[in-house]
Amino acid sequence: MQLSFQYEYNTILFDVSYSRRKTISISVAAPGLVRVAAPAGLSEKEVIKHVKRKARWIVHKLDEVQNTTTTPMKKQFINGEPFMYLGSNYPLQLIIDAGLKNPVVELYRGKLMVTSPTGDKEAIKKGIEVWYRIKAREQFRERLEYYQPIVGVIPTKVRIKDQQKRWGSCSSLGNLNFNWRAVMAPSPVLDYLIVHELCHLVHLNHSQDFWHLVCSIIPDYKEMRNWLKKSGSRLSI
């Protein structure tokens, strides 16, 4: 069984197993993988209540495990594996339907549902990536429309790209590029990325004036920037 709760900018997803025990045990086995062993008969509400008390410790351990992993863990594309979208983890639910031509991906009842003609991992990965790219275009379009009048600028072009080392960029021609993987990050982090690049249309540098402008719109931008530094490697499939 999988349960979750919100803590600051993180959605903590954890697996629960029940047995004849008297106490709750919590362990972090790998980046994004939290396991909880609970006494049989304990309600979901009580389990979440107990685990919430350890939220700070869990986030610390998740970051610790992530920071000791030099490269992102390769996805296995198996049932129950967590996939992040807007900061929340959604367990993968695979369904095989040979009548389909291409994988169909959707969020449904708290899960990332992938209906695929085969169990081929590369095909499933490609289908999920296509879904992420579509969602990225939707989210970036929506948030750009919101922030453009606040910053007072309109980009010449906006492109969603496959960038391995950059979350966003701005050219002297007024073109903005964004990494599609950024749509996995929490919404406040996504907003920071958008405001960051829009502010470059005013100041094409990282001067004090640039950061003052960013700060006037996203006062806690340093938290968002630190989140990317610490957790950015998790935004991958």
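Are there trypsin sites (Lys or Arg not before Pro) in the stretch 152-237 that DSSP marks as loop and that have at most 11 other Cβ atoms within 10 Å, and which are they?
LYS165, ARG166
Sum up the charges of everything whose Cβ sits under 12 Å from the Cβ of MET84, counting Lys and Arg as +1 and Asp and Glu as -1, but leave MET84 out.
+3
Taking the Cα centre of the stretch 82-131 as the origin, how large is its charge dipole in debye, to the nearest 20, when only Lys and Arg (+1) and Asp and Glu (-1) carry charge on their Cβ atoms? Provide the component values of the computation, followed by the final result.
Values: 6 positive and 5 negative charges, 15 e Å.
In debye, rounded to 20, the stretch 82-131 gives about 80.
If packing is taken as the average number of other Cβ atoms within 10 Å across a peptide's residues, how do 124-134, 190-200 rank, most packed first?
190-200, 124-134
I need the fraction of alpha carbon pairs in the chain separated by more than 22 Å, rounded to a whole percent.
58 percent
Hey, got the dipole for the chain? About the Cα centre, +1 on K and R Cβ, -1 on D and E Cβ, debye to the nearest 20?
Around 640 debye, computed over the chain.
Give the residue from VAL189, CYS170, ILE218 lying farthest towards the positive end of the charge dipole for the chain; charges sit on Cβ (+1 for Lys and Arg, -1 for Asp and Glu) and the dipole is referred to the Cα centre.
The residue sitting farthest along the positive end of the dipole is VAL189.
Less than 15 Å Cβ to Cβ from LEU100, Lys/Arg counted +1 and Asp/Glu -1: what total charge do the surrounding residues give?
Details: positive: LYS101, LYS126; negative: ASP97, GLU106, ASP120.
Net charge around LEU100: -1.
Which FRET efficiency, nearest 0.05, do LYS54 and SER236 yield, Cβ-Cβ r, R0 25 Å?
About 0.40, to the nearest 0.05.
Between PHE5 and ARG109, how high is the FRET efficiency from 1/(1 + (r/R0)^6) when r is the Cβ-Cβ distance and R₀ = 25 Å? Nearest 0.05.
The value I calculate is 0.90.
In a GNM of the chain with a 10 Å cut-off on Cα contacts, which of SER25, SER116, SER187 has the highest mean-square fluctuation?
SER25
Looking only at ALA136, ALA182, ALA98, which one moves most when the chain is put into a Gaussian network model with springs between Cα atoms under 10 Å?
Fluctuation is largest for ALA98.
Would you mind checking LYS49/LYS229; LYS52/LYS161; LYS121/LYS157; LYS121/LYS165 for any pair whose Cα atoms are more than 28 angstrom apart?
From LYS49/LYS229; LYS52/LYS161; LYS121/LYS157; LYS121/LYS165, over 28 Å: LYS49/LYS229; LYS52/LYS161; LYS121/LYS157.
Which distance in Å, rounded to a whole number, links the C-alpha centroids of the stretch 164-231 and the stretch 104-148?
Value for the Cα centre distance between the two parts: 22 Å.
Determine the relative contact order of the chain: mean sequence separation of Cα pairs under 8 Å and six or more apart, normalised by residue count, in whole percent.
So the answer I get is 15 percent.
DSSP beta bridges in the chain, what fraction antiparallel, as a percent rounded to 5?
Among the beta bridges of the chain, antiparallel pairing accounts for roughly 60 percent.
Which value in deg cm²/dmol, rounded to the nearest 500, describes the helix-derived mean residue ellipticity at 222 nm for the chain, given -39,500 (n - 2.57) per DSSP H run of n ≥ 4 and division by the residue count?
Value at 222 nm, helices only, nearest 500: -12000 deg cm²/dmol.
Between GLU122 and ASN205, what length comes free when the chain is fully extended (0.36 nm per residue of separation minus the Cα-Cα distance, one decimal in nm)?
Numbers: separation 83, 0.36 × 83 = 29.88 nm, distance 3.96 nm.
Taking 0.36 nm per residue and subtracting the Cα distance, the gain is 25.9 nm.
Listed here are the pairs LYS54/LYS75; LYS74/LYS126; LYS45/LYS125; which of them are more than 24 Å apart at the Cα? If you can, show how the numbers build up before the last one.
Details: LYS54/LYS75 27 Å; LYS74/LYS126 14 Å; LYS45/LYS125 34 Å.
The answer is LYS54/LYS75; LYS45/LYS125.
Fewest Cβ neighbours within 10 Å first, please rank LEU201, LEU173 accordingly.
LEU173, LEU201
Values in this text are rule-based calculations from the coordinates and carry no lab data. Small disclaimer: the values here were computed from a predicted structure and weren't measured. Reconstructed Cβ throughout: ideal geometry from the backbone, glycine too, with neighbour counts over all protein chains shown.
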